[in-house]
Every structure is written in structure tokens, then in C-alpha cells.
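Okay, structure first, notes after.
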Amino acid sequence: MLRRRIYRAAQTAAVAFSFLFIFAIVVLAQDRRQGEPGRFDFYVLALSWSPSYCEAAHERAPDQQCAGRPFSFVVHGLWPQYEQGFLSYCQVPAPRLDQTIVGSVLDLMPSPRLVFHEWDRHGTCSGLAPAAYFEAVRKARAVVKIPVDFLEIDKPITVTPDDVAEAFVKANPGLSRASLVVACDSKRLSEVRVCLAKDFSFRDCAEVTRRACRSDKIAMPATRGG
């Protein structure tokens with residue numbers, strides 16, 4: 001009986017060691033490319049609902065996108081992702097951006113502060129030079145069509161996360177619910193995130209979609225302050 005217990009204990013220890021060994025190999029494999037520019041699996045294109053950002057921004061410092069013409073969905077960023085997790089700030093300090101490049105992307109990202117931040121945090125992880133990265137941002141944005149109903153909202157509306165997701169799926173052939181996530185704060189739609197392969201085709205992203213908005217209903221503030 002004692003010999004059998006010792007044998008079983010030895011078997012259990014061997015199995016546990018095997019799992020730990022395999023886990024260590026996986027971790028080391030991930031660590032070898034952790035934060036390495038250009039070595040990632042796919043992109044997330046984050047499209048921010050600008051009226052929500054600006055409504056919340058009344059409590060923060062003024063931002064250029066909250067003055068002037070009324071923006072609807074704007075590009076928050078193009079984020080390199082791993083299948084599990086993401087990388088950020090891959091070059092510190094980041095290479096500086098030429099003002100010409102900043103100016104060229106303000107039609108998509110209407111705030112110089114946002115442009116600089118996204119380059120520092122995410123663009124440096126793309127493995128691309130600044131001009132090439134923001135060209136990738138433009139290509140990614142061109143792939144996603146904004147639903148007609150959301151191009152201009154002249155008075156606040158209430159929607160469900162499913163409403164927003166289904167509208168994007170309907171407007172974009174090939175896009176599925178497994179490729180996008182609707183994000184919110186405590187009461188407002190904040191953004192829609194679309195997962196894209198490196199060739200800018202739609203692709204599934206299980207880990208990203210798990211971080212979806214859990215609210216039953218959310219507000220979409222008006223684009224024109226209605």
C-alpha cells in the first residue's frame with residue numbers, strides 16, 4: 001500500500017512538472033517577442049464616438065476635436081495585438097513625428113495630442129516608420145464603413161450595444177460579430193473596435209471581443225450638441 005502511494009505521488013509530481021515545463025516554454029516563447037516592434041499577430045482599429053469623448057472631456061483639459069466642426073466616429077488608434085495581450089511603448093523615447101505627418105492625419109484623428117500619443121504607445125510597435133504607420137491607419141480606416149444612421153446624429157439617442165454591433169456588421173460585408181467589440185463607459189458609447197489582419201481584412205479576435213460593453217442600454221450624444 002505504501003509503495004502504491006509513493007508511486008501515485010511520483011506520477012502526480014511528474015505530470016505537474018510536465019505542465020510547468022510546457023508552460024515555461026510557452027512563456028519564454030512569448031517573452032522573446034514581447035515588445036518587439038513589428039512582431040505581432042493582428043491590428044485593432046479603434047473608432048471613437050467623438051461626442052461621447054467630448055461630453056466627458058468637459059471635466060478634463062480642452063481637446064481640439066471638441067471644437068470646430070462636429071465629429072462623429074474618429075480614429076482613436078490602430079493597435080498591434082498578440083493573440084493573447086498586446087504590446088505598447090516599444091521605443092522609449094519614441095522617434096519624433098514631423099509636423100507634416102501630424103497635419104496629414106488630422107482628418108482621421110482630429111487632435112495633434114491624440115496623434116502623438118497613439119504613435120508613442122502603438123505606432124512604435126508596428127515596426128513601421130511614422131509615414132508608413134499613418135498610411136496603415138488610413139488604409140485600415142478605409143476598410144470600415146460607418147453605418148449611415150451614425151454618420152450624423154442631431155439629437156441624443158439611446159441604443160443597445162447589439163444595435164451598434166449589428167449596424168456595423170450590416171454595413172460591412174465580411175465583418176462578423178466575432179471581429180468587433182462595442183465599448184462603453186458607465187453610460188455612453190465610447191468606441192467600436194474592429195479586428196483586422198495585417199492585410200486589413202476582417203478577422204476574429206476572441207480575447208478582444210471578451211472586453212465588450214455589458215450595459216443593456218447606452219447613450220450616443222449628438223454630433224451637433226442637440
Residue match in region 73-84 (condition: among the small types (Gly, Ala, Ser), touching a His at 6+ places or on another chain (Cβ under 7 Å) and assigned by TED's automatic domain parsing to the domain that holds LYS155): yes
Could you check how many residues of region 71-103 are farther than 21 Å from VAL44 by Cα and of a type in the set (S, T, N, Q)? 2
Consider only pairs whose beta carbons are under 7 Å apart and that are at least six residues apart or on different chains; among these, list those whose first residue lies in region 192-207 and is in the same structural domain as PHE168 (by TED's automatic domain parsing) and under 21 Å from ASP163 (Cβ atoms) and whose second residue is modelled with pLDDT under 95 and not in a strand (DSSP E or B). ARG193/VAL208; CYS195/VAL208
Report yes if some residue within region 102-117 is within 30 Å of LEU151 (Cβ to Cβ), of a type in the set (S, T, N, Q) and modelled with pLDDT of 95 or more; otherwise report no. yes
Of all residues in region 118-132, which are under 18 Å from ARG193 (Cβ atoms) and either at pLDDT below 95 or out of contact with any Cys (no Cβ under 8 Å at 6 or more places or on another chain) (or both)? GLU118, ARG121, HIS122, GLY123, SER126
Give, as residue ranges, the strands (runs of 3 or more DSSP E) completely inside region 120-226 that count at least 2 residues that are among the β-branched types (Val, Ile, Thr) and either buried (at least 20 other Cβ atoms within 10 Å of the Cβ) or out of contact with any Pro (no Cβ under 8 Å at 6 or more places or on another chain) (or both). 157-159, 180-184, 189-196
Could you give every pair whose Cβ atoms fall below 6 Å, whose first residue belongs to region 136-151 and is closer than 10 Å to PHE200 by Cβ, and whose second residue is not β-branched (Val, Ile, Thr), counting only separations of at least 6 or pairs across chains? LYS139/PHE200; ALA140/LEU45; ALA140/LEU78; ALA140/LEU196; ALA140/PHE200; ARG141/LEU108; VAL143/PHE200
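Here's the yes/no breakdown for (1) of a type in the set (A, V, I, L, M); (2) in contact with an Asp or Glu (Cβ under 8 Å, 6 or more places away or on another chain); (3) on the phi < 0 side of the Ramachandran plot:
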{"residue": "ARG121", "(1), (2), (3)": "no, no, yes"}
{"residue": "SER126", "(1), (2), (3)": "no, no, yes"}
{"residue": "LYS145", "(1), (2), (3)": "no, no, yes"}
{"residue": "VAL148", "(1), (2), (3)": "yes, no, yes"}
{"residue": "LYS155", "(1), (2), (3)": "no, no, yes"}
{"residue": "THR160", "(1), (2), (3)": "no, yes, yes"}
{"residue": "VAL164", "(1), (2), (3)": "yes, no, yes"}
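The values are calculated or read from the model by the stated rules, or taken from the named source; none is laboratory data. Nothing here was measured: the structure is a model prediction, and the numbers come from that model. Cβ atoms come from the backbone with ideal geometry, glycine included; neighbour counts cover every protein chain shown.
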